[in-house]
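The values are calculated or read from the model by the stated rules, or taken from the named source; none is laboratory data. These figures come from a predicted structure and were not determined experimentally. So basically every Cβ, Gly included, is an ideal-geometry build from the backbone, and we count neighbours across all protein chains shown. Ligands, DNA and RNA are stripped out before the accessible areas are found, and what is left, the full protein with its side chains, is counted by its heavy atoms. Shrake-Rupley method; radii C 1.70, N 1.55, O 1.52, S 1.80 Å.
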Amino acid sequence: MMTNLFSIFDPTTSSMFAINWLAAFSFLFVLPLSFWVTNQRYHLMLNKLSSYITTEFKVVVLKTPEIVLMVLALFIFIFVNNLTGLLPFTFTATAHMAVTVSMALPLWMALIIYGWSHNTSNLLVHLVPNGTPTILMPLMVIIETISNLIRPLTLAVRLAANMIAGHLLISLLTGATPLAPMSAMPILGSAQLALEGLEIAVAIIQAYVFSVLITLYVSETTS
């Protein structure tokens, strides 16, 4: 039972192994195409979403506004993969630790290398928050150092765990539907619709949270 339940997160369990991983590049199909005569609805929606996200990120990274484009691309990648993962028979790339770690670890390493080579004094200041008693300063340095070291892991686990949790609940409800009596069908159907709506909201929120945390790390490194 548990093997069947968690096999939805293993792309090798499907006969279409290559297509499962190709689903991770589905975000390329929603990018605006320049040859359309008129703007499509998704094009207008994507423009509004991109403008809003860009405005939000620029407030955080005032000294390095050029980083906003990279973070916006990251947001669109996670956002589209989270949503497409809710479709039936579609592999959710962002629920796989190999994908989330591959996004979080290089970004964190780049920020650490840049920060310690160009802004060393500022990063040292961040190791001891303002108002810390003198006796607690060595302990705070250890705590802040550990906190900085586990950032890529927390970024990766947060995104993957949230996607996995929702998919498991949907799988459990779907598996219980054939065994339920007819009188319980309205309740199960309503629960599945509510859970699907919740998962759509989680897909958007998790993409936003991942991107915002990256911008905060950039701001801390460059400020």
> So, with a 1.4 angstrom probe, what is the percent of accessible area on the stretch 35-222 that is carbon and sulfur?
Replying inline: 75
> Taking the mean number of other Cβ atoms within 10 Å as a proxy for protection, how do you rank 66-74, 211-219 from highest to lowest?
Replying inline: 211-219, 66-74
> Using the Kirkwood radius built from alpha carbon pairs, what does the Stokes-Einstein equation give as D for the stretch 35-222 at 25 °C and 0.890 mPa s, in µm² per second?
Replying inline: 128
>> What does the net charge come to around residue 166 if you take all other residues with beta carbon closer than 11 Å to its beta carbon, with K and R at +1 and D and E at -1?
In response: -2
> In nm, to one decimal, how far is the residue 142 label point from the residue 109 one, both placed 7 Å along Cα→Cβ?
Replying inline: 2.8
